[in-house]
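Everything below concerns the one structure shown next.
The values are calculated or read from the model by the stated rules, or taken from the named source; none is laboratory data. All figures in this text were calculated on a predicted structure; none of them were measured in a lab. FYI the Cβ positions are ideal-geometry reconstructions off the backbone, even for glycines, and counts take in every protein chain you see. Accessible surface is based on the protein model in full, side chains and every heavy atom, while ligands, DNA and RNA are left aside. Shrake-Rupley method; radii C 1.70, N 1.55, O 1.52, S 1.80 Å.
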Amino acid sequence: MAKFIEEYPGWAITIAAVAIVMFGGGLFLRFRMIEARRAQFLAANAELAKVDVMTGSQFEHLVAERMIHEGFHQVRERGRSGDGGVDIVAVAPGGGRYAIQCKRYTRTVGAPEVRNFLGALANAFDGHTGVLITSGRLTRQAREEALNARQRLLLVERDGLADWLTGKITLLPSRRPLVGGGEPVG
């Protein structure tokens, strides 16, 4: 190989350039395919009727995919036993850190669930914007608990979830946010 490069430097540079272009093109096509699959997955699961029959981990995956599609990066699904009360962590395009709790519930989410999430935010996820996303609705006490929290907490209830999954609203602060000043959506 070294002898070929020494004898034919022009050909060696050309071959290397073609290989780099092909590799870069392959990466670009792979990225486009992944994005197309993500868009298909999100479109196929954007209806609340489909969310209602998902398992908890399927719902967490849907939320993570939506966040990636929305522009978040370093999105990690943590939702298993021992997740510390946070199912997903992510970084917004501007650098803000988010900690997300997903509740795929057919019943209401009560104040104890909100308190547990706030405890996780205060202990292990200090400095993160907390987001509680549920396919159900929050009780009045749960909303009050969230609104009185010292740490910023976004609430995405059933109606807001439908709008977020279809891209009508966003979690990103740079565009029209879901929640202004700690108020719940939905």
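Below is a table of values for the structure above.
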| quantity | calculated |
| --- | --- |
| Accessible-area composition of the chain, carbon plus sulfur, in percent [1.4 Å probe] | 56 |
| Selection from 101, 128, 91 lying farthest towards where the dipole of the chain points positive, charges on Cβ | 101 |
| Accessible area per residue in Å² at 1.4 Å probe, computed on the chain | 57 |
| Accessible area, probe 1.4 Å, largest first, for residues 27, 165 | 27, 165 |
| Unit charges on C-beta of K, R, D, E only; dipole of the chain, Debye | 260 |
| Reach of residue 103 by Cα under 23 Å, taken over lysines that are not fewer than 8 positions away in the same chain | 50, 168 |
